[in-house]
Amino acid sequence: MEKRETFTPFDAAEYLKTDEDMALYFDAIIEESNGDPRMIAVALGDIARAKGMTQIAKATGLARENLYKALSADGNPEFSTVMKVIAALGLKLHATAAEPAKPRKAARKRPARELTAA
């Protein structure tokens, strides 16, 4: 008889033990998500479950059930909800330039007679 393997679904919340773990996870998701709002919402849900959804609900003033729904793959949270959750989780958003700024070339000044000839 062949032995069957059983697998349990992966749950990131089980591995988020410290505030640093949570911040690094959120930062990695933002970096890798290519702007996908669902990935970011799900990551916030993972972190909220790791911290305790009831605690986050109290801190944000939002219903626990609504947070579960908003921070799921099918959710579509408002930006204000996302910001409340980020604050309640003790996280901060940080922006950096996507690419280093390229030096600007100085505009070539055209003599007046070239402007009238053009």
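No lab work stands behind these numbers, since they all come straight from the coordinates. All figures in this text were calculated on a predicted structure; none of them were measured in a lab. With ideal geometry, Cβ positions are generated from the backbone for all residues, glycine too; neighbour counts draw on all protein chains shown.
Values computed for the structure shown
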read-out	value
Search result, residues across segment 64-89 that are in contact with a helix residue (DSSP H, G or I) (Cβ under 6 Å, 6 or more places away or on another chain) and more than 15 Å from ARG38 (Cα to Cα)	ARG64, LYS84, ALA88, LEU89
Residues of segment 1-36 classified as closer than 27 Å to THR96 by Cβ and of a type in the set (Ser, Thr, Tyr), total	4
Residues satisfying the stated conditions in segment 69-96, i.e. surrounded by 10 or more Cβ atoms within 10 Å (Cβ to Cβ) and either part of a loop (DSSP other than H, G, I, E, B) or touching a strand residue (DSSP E or B) at 6+ places or on another chain (Cβ under 6 Å) (or both)	LEU71, SER72, GLY75, ASN76, PRO77, LEU89, GLY90, LEU91, LEU93
Residue in segment 58-68 that is within 16 Å of the chain's Cα centre (by Cα) and exposed (fewer than 15 other Cβ atoms within 10 Å of the Cβ) present	no
Meets criteria (assigned to a helix (DSSP H, G or I) and free of Cβ contacts under 8 Å to residues at least 60 places away in the same chain) for GLU99	no
